[in-house]
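The structure appears below as C-alpha cells.
The values are calculated or read from the model by the stated rules, or taken from the named source; none is laboratory data. Given the structure is predicted, the values throughout are model-derived calculations rather than measurements. All Cβ positions, glycine included, derive from the backbone under ideal geometry; neighbour counts span all protein chains shown.
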Amino acid sequence: MSKPRVAIFDFACCEGCQLQIVNLEEEIIDLIGVVDVVEWREAMSEQSHEYDIAIIEGSITRPEDEHRLQIIRSRAKVLIALGACAAIGGVNKMKNNFDFNEVKRCVYGKDAEMPHLATTTTRAVHEVVPVDFTIPGCPINGEEFARVVRELLLGKTPTIPDYPVCVECKAKENVCRYEYGEICLGPIIRAGCGAPCPTAGWRCFGCRGFVDNPNVDAAKEVMEKYKLTVDDLKQKMVLFNSK
Amino acid sequence: MSKNININVHHLTRVEGHGNIVVNITDGTIEKCQWQVPEAPRFFEAMVRGRRYDDIQTIVSRICGICSISHSLVATRAVEDALKLEVTEQTDLVRHLLHYSEQLQSHVLHVGYLVAPDLFGEKSVVPLVPKAPDAVKTIIKAHRVANQMSALLGGRITHPVTLTPGGMTRVPSTEELKALKKELEAIVPDLVTICQVVLSVAGGLPNFTRDTEYVSLWQTHPRHKGTLSDYTFYHGDIISTDSKGTVVPISKWESVANEYVSPQSTAKWTKWHRDSYAAGALARFNNQAEKLSPLGKKVAEMFGLKKGCCNPYFNSVAQLAECAHVVEASLEIIDKLLTKGTKFEKVKVTPRAGRGHAGIEAPRGILFHSYEFDKNGNCVWGNCCIPTNQNHANIQLDFDKLVPKYMDEGEDALRQKMEMLVRSYDPCISCSTHYLDIEFVR
C-alpha cells in the first residue's frame, strides 16, 4: 500500500500549531516515515496538488483565502481543521465584534482604504467547506495530534473528548480557579488538553471551544456561588469564542 | 549570460508566514524587483480594546506562535508600565530564563530546520535525516531541551500561561531548576557540534555586504550590569549603529520605528536614520558583541564573525553565537536563583488609568508594545511594532543591491540567493501580519 500523501496549509494564524508538529521532536521522524508529506510551506520547499489528507491551520478572513480553501477541499479526500483558528475562529474572531472599517482605521490610519488591506468576517474552516476531523486548541496538543494521525492511518475514527476541562483539572488535583476570585471557562470548555493552564496557575480561557452540550445550568450555579454574573463569563468567552 | 529573468516566488517556503519575491529583468534591464508581503492582516491592536489588563498577554501572544513568549513578556511588561507595577527580583530572573528558552528554541529551529537545508543543497530537513542522522538528532535534542525549558517556566511550550501583570502564577522549584541546569550543561557540547556542522557548509553563505543601520536594545537596568544578561534581550533602551552612542528611551519607540504603509505589504514598514534598518541577532551582535559569553565569543570567532559585519546572511551565524550565549546566561541565572531558593509570590493589582510601553528582543529582533487603560483597567488603545516589520524595508534594499550583483549567474542561482536572503532574516510574517512570496516576472 502506498503511503498517504499529506499536505499542510496555513491561513490567518500565528502558525503555532504547525510548530507543535515540529515540537514532537524525535517522534516526528517516525511520523514522517509512515506518511508522505508532499507540501508544508513552513518546513519544506516542495509543493504538490496531489494529496490525500489536507491539514488546514488558520481562519478564513479574505475572499481570496476562501477560494484557495475550496480548491484544497476539492483535491483532498480527508480535511482536518488544525487548532483554534481553523476549528472555531479563535482570537481572530474578536475582530467580528467591531465595525471592519473602524478596525482598519484603528490599525492602518489614513492608509486604511488601500485595497490590499481589505478584510471580511473571520470564519472557521467548517463555516466555509466541510471538515472531516477537528483538532482543537491554541495551540494544539502535540500528543493529541499524533494520536489522531495514528488512528486515521489505522483506519479508526479519531475522537476528541466531549467532557469539560474541569474533569482533567480535578484529576490534576488543582484548586479551583474560582477560589482565587477568577473567572475560569473550565466548566464549559472541551477537555483533551490535560488542563495545563489551571495547573500552571492560570484560568481556562476557552481555546478548545465549547463541549457539544455545555451544562449551562451548572455554569450559572458556579457564577452564583461566587457572586459573578453571566455577563462576567461572556467577557471571558470573547477571547476565543466570539461569533 | 541571461538577459531575461523572471522570478515569481509565490508564498516563499521555509519561513513563518507568507511573502512573495518578484523579479522581472528584460534585456538586462531590471524592470521589477520586489519583496511583497500579502499576509492576511489580523488587526490585533483593534481587538485588544475593551479587554481587561490581565487578558492582554493571552490575546497578543497569538500574534506569533514562534515568538509567543516574547510577545507575552513584552505585553505583560507594557501593562505593568501602564499600571505602575513593580516586579520582584525573582520574577525578573524567572522571566529572563523563560525568554532565553525561546531564543534557544527559535534559533535552533531557524538555523537547523530552515537555513541548513539551503547550505546542504536540500529542499527541507527531511532528506538530511538519512544523510546526516547524527547532526539532525543533535539539532532535535537541543530543540527539545529548549522546549522543555519553556514548558517548565511557561506552563507549556507555546503561548505561556504563567505570566500575569505584577508577577508569575508559578515559579520552578529548586529541584526543577537543578534538573534544568543539568540538561543545559549537557547540551553545551551538542551546540558546539551543531556549530561545527554548520561551519562545514558555511562556504555556501553568499559573500554579500551592504552598509546597514542595525537597531537593538542596550542594557540600562542596573541589576544586570556586569552579568551575562548585560548582553540584553530583555531590559534596556534603544540603540543603533548610527545613533553614535545615543540611547532612546523605550517610551519613545515610535520616533525610532517611524512606521508607514507600503503598497507592497500588509505589514507596516519602518525607517530611522536611513531608508531602512535591520533588527535581529546580527543587530544585537553589532551593538554589543563584547558582552557575549565566553562560548558565544568562541562561536563568533569560529565563523570569523566580527562586530561591524554587514553581511545579512551572517544573521544565522550570530544566532548560533547567541545559542551558546543564552545557555551560559541561563546557567548564571539558575545559580543566582538557587542561592536564595524560589517561593511563590502573591500578586496584588489595583487597576488605574494610564499608558505604558515596553521593548524586548524577540529572537528575530527588537519588538515594541504599548497599551493604554481606563481607570477600571480596561484597554482603550494598543500599538505593537514587530521586528519583521522593521526588516521588510531592509530586505527590499538588500534586493536592490543583490539583484544587479548576481543577475549574471542566471535565474535559478539568483532565486536561490534571494530566498536565502529572506530566510536569513528569520522573518515572522504572521507577526508582521503574515508574509513572503518570490515572483520573477518574465
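Considering only the stretch A:192-243, give the helices (runs of 4 or more DSSP H) lying wholly within it that have at least 2 residues that are under 30 Å from B:Leu153 (Cα atoms) and not small (Gly, Ala, Ser).
The helices (runs of 4 or more DSSP H) meeting that bar are A:196-199, A:230-241.
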* Structure fact -> Here the residues within the stretch B:348-387 that are surrounded by 16 or more Cβ atoms within 10 Å (Cβ to Cβ) and either part of a helix (DSSP H, G or I) or β-branched (Val, Ile, Thr) (or both) are B:Val349, B:Ile360, B:Ile366, B:Ile386, B:Pro387
* If you scan the stretch A:46-67, which residues turn out to be on the phi < 0 side of the Ramachandran plot and touching a helix residue (DSSP H, G or I) at 6+ places or on another chain (Cβ under 8 Å)? -> A:His49, A:Glu50, A:Tyr51, A:Ile53, A:Ala54, A:Ile56, A:Glu57, A:Ser59, A:Ile60, A:Thr61
* Structure fact -> Counting only strands (runs of 3 or more DSSP E) entirely within the stretch A:6-93, those with at least 1 residues that are at pLDDT 95 or above are A:53-57, A:78-82
* Name every residue in the stretch A:108-163 that is out of contact with any Cys (no Cβ under 6 Å at 6 or more places or on another chain), within 26 Å of B:Met47 (Cβ to Cβ) and in a strand (DSSP E or B), in order of residue number. => A:Arg123, A:Thr134, A:Ile135
* **Residues that are surrounded by fewer than 21 Cβ atoms within 10 Å (Cβ to Cβ), touching a residue at least 12 places away in the same chain (Cβ under 8 Å) and farther than 25 Å from A:Ala146 by Cα, drawn from the stretch A:46-67** => A:Arg62, A:Pro63, A:Asp65, A:Glu66
* To do: Could you please let me know if A:Arg190 is farther than 14 Å from B:Thr58 by Cβ and touching a Lys or Arg at 6+ places or on another chain (Cβ under 6 Å)?
  => yes
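Per-residue answers, yes or no, for (1) at pLDDT below 95; (2) crowded, with 17+ Cβ neighbours inside 10 Å; (3) over 25 Å from B:His159 (Cα atoms):
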residue: A:Lys104; (1), (2), (3): yes, yes, yes
residue: A:Tyr108; (1), (2), (3): yes, yes, yes
residue: A:Thr119; (1), (2), (3): yes, yes, yes
residue: A:Val129; (1), (2), (3): no, yes, yes
residue: A:Phe133; (1), (2), (3): no, yes, no
residue: A:Arg150; (1), (2), (3): yes, no, yes
residue: A:Asp162; (1), (2), (3): no, no, no
residue: A:Val167; (1), (2), (3): no, no, no
* Asked: When you scan the stretch B:109-153, how many residues do you find that are hydroxyl-bearing (Ser, Thr, Tyr), modelled with pLDDT under 95 and under 20 Å from the mean Cα position of the chain (by Cα)?
  -> 1
* **Residues (more than 9 Å from every other protein chain (Cβ to nearest Cβ) and either at positive phi or surrounded by 24 or more Cβ atoms within 10 Å (Cβ to Cβ) (or both)) located in the stretch A:199-210** => A:Cys204, A:Gly206, A:Arg208, A:Gly209
* **Every pair of residues 6+ apart whose Cβ atoms lie under 7 Å, when the first sits in the stretch B:326-355 and is without any contact (Cβ under 8 Å) to a residue 60 or more places away in the chain while the second is part of a loop (DSSP other than H, G, I, E, B)** => B:Ala353/B:Asp374; B:Ala353/B:Lys375
* Structure fact -> Out of (1) surrounded by 21 or more Cβ atoms within 10 Å (Cβ to Cβ); (2) among the acidic types (Asp, Glu); (3) more than 10 Å from every other protein chain (Cβ to nearest Cβ), the one B:Asp118 does not meet is (3)
* Only residues that are touching a residue at least 12 places away in the same chain (Cβ under 8 Å) and at the interface with chain B (Cβ under 7 Å from one of its Cβ atoms): list them for the stretch A:93-108, please. => A:Met94, A:Lys95, A:Val103
* When the stretch B:202-260 is examined, which residues are found to be outside any loop (DSSP other than H, G, I, E, B), out of contact with any His (no Cβ under 9 Å at 6 or more places or on another chain), at pLDDT 95 or above and hydroxyl-bearing (Ser, Thr, Tyr)? -> B:Tyr214, B:Ser216, B:Ser255
* In the stretch B:124-154, the residues that are closer than 25 Å to B:Arg95 by Cβ and more than 7 Å from every other protein chain (Cβ to nearest Cβ) -> B:Ala142, B:Val145, B:Ala146, B:Gln148, B:Met149, B:Ser150, B:Ala151, B:Leu152, B:Leu153, B:Gly154
* Asked: Within the stretch A:176-198, restricting attention to residues that are over 22 Å from the mean Cα position of the chain (by Cα) and away from chain B (no Cβ under 12 Å), which residue is farthest from B:Lys348 (Cα to Cα)?
  -> A:Cys176
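Do the conditions hold for B:Val256, that is, is it more than 14 Å from every other protein chain (Cβ to nearest Cβ) and in contact with a Phe, Trp or Tyr (Cβ under 6 Å, 6 or more places away or on another chain)?
Yes.
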* To do: Could you please find all residues in the stretch B:41-71 being at the interface with chain A (Cβ under 7 Å from one of its Cβ atoms), under 30 Å from B:Leu104 (Cβ atoms) and surrounded by 24 or more Cβ atoms within 10 Å (Cβ to Cβ)?
  => B:Arg42, B:Thr58, B:Arg62, B:Ile63, B:Cys64, B:Gly65, B:Ile66, B:Ser68
